[in-house]
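The values are calculated or read from the model by the stated rules, or taken from the named source; none is laboratory data. The structure presented is a predicted model; accordingly, all values stated were derived computationally and were not measured. Here the Cβ positions follow ideal geometry from the backbone for every residue, glycine too, while neighbour counts run over all protein chains shown.
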Amino acid sequence: TALFISGSNLVAGQDLLTAVQKKFFANFRVSVMLDSNGSNTTAAAMVAQITKTTDVRGKRCVVLAGTGPVGQRAGVMMAREGAEVILTSRSLERAQAACDAMKERFGVEMKPAVAADDETIAKALEGAQIVLACGAAGVELVKEEIWAGNPTIEIMSDANATPPLGIGGIDMMDKAKLRHGKIIYGGIGVGVLKLELHRACVGQLFTANDLVLDAEEIYAKAKEMVAEDDRW
């Protein structure tokens, strides 16, 4: 027996995980995994692919739609790898609230920024080497003409596999594809690893009765998978 916490609300999922853990005592427990809205596995797949491709330490990473569940967790994982992370939102207040929440939960520092229109998106991307698009399905977050002409961007990853894609001008199948001099990962390029990671983590739940798989543990598994298999 194991518990899998899903649902669309990451905050509620995190609260449920905490409540479940408080009910355990002595050897009376089961393994549990949190992946509300697929946020942990998607974020882990995105970041594991990027860290396999390039050293992110000291680089500026902008997370578009950073206040969503995938964006928050991806930002945390990048920050823990040593990147300078900027979480964006249409609202500076929401971006700041997300940064504060992730600092409280994970102890990482991230900076908020507004990305509400072409002008503010272009400004947010100034000086960035890494861009993660973590928005809802079918929502374009950045136009091709904005990112293509950015001289500092090295690598981009999109969580969206439903057209229009989060990053304009890419293909959902892109996997380390070079476009405009930048390395691109599309939604399916990320999604295949995400699905394999999900299966691996669920299988791991049944190897012991005391496992707790949250962002940290799921990301560690993703890094292990990309290191061992050249498919990713």
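Residues considered: Gly82, Gly75, Gly107. Of these, the only one that is in contact with a strand residue (DSSP E or B) (Cβ under 8 Å, 6 or more places away or on another chain) and at pLDDT 95 or above is Gly75. The requirement of being in a loop (DSSP other than H, G, I, E, B), under 27 Å from Phe106 (Cβ atoms) and among the β-branched types (Val, Ile, Thr) is satisfied by Thr207.
Consider Val63 carefully, then state whether it is touching a residue at least 40 places away in the same chain (Cβ under 8 Å) and over 27 Å from Gln96 (Cβ atoms).
Here the answer is no, as Val63 does not meet what is asked.
Give the residue that is modelled with the lowest pLDDT, with candidates limited to residues of segment 18-48 that are surrounded by fewer than 23 Cβ atoms within 10 Å (Cβ to Cβ) and within 20 Å of Leu197 (Cα to Cα). Step by step, filter segment 18-48, then rank; the result is Asn37.
Each residue in segment 17-27 was checked for being aliphatic (A, V, I, L, M) and in contact (Cβ under 8 Å) with a residue 12 or more places away in the chain, and 2 of them qualify. Filtered by the rule that a residue be aromatic (Phe, Trp, Tyr) and outside any loop (DSSP other than H, G, I, E, B), segment 1-34 gives Phe4, Phe25, Phe28. Of the conditions (1) part of a loop (DSSP other than H, G, I, E, B); (2) more than 24 Å from Leu178 (Cα to Cα); (3) within 18 Å of the chain's Cα centre (by Cα); (4) of a type outside the set (Phe, Trp, Tyr), Asp55 fails just one. Which one is it? Of everything listed in (1) part of a loop (DSSP other than H, G, I, E, B); (2) more than 24 Å from Leu178 (Cα to Cα); (3) within 18 Å of the chain's Cα centre (by Cα); (4) of a type outside the set (Phe, Trp, Tyr), Asp55 misses just condition (2). Applying the condition of being of a type in the set (S, T, N, Q) and assigned to a loop (DSSP other than H, G, I, E, B) to segment 129-187 and asking which residue is surrounded by the most Cβ atoms within 10 Å (Cβ to Cβ) yields Asn160.
When Gly71 is tested against (1) in the same structural domain as Ala161 (by TED's automatic domain parsing); (2) closer than 28 Å to Phe206 by Cβ; (3) not hydroxyl-bearing (Ser, Thr, Tyr), just one condition goes unmet, and that condition is (2). Residues in segment 64-112 that are charged (D, E, K, R) and in a helix (DSSP H, G or I) were compared, and the one that is surrounded by the most Cβ atoms within 10 Å (Cβ to Cβ) is Arg73.
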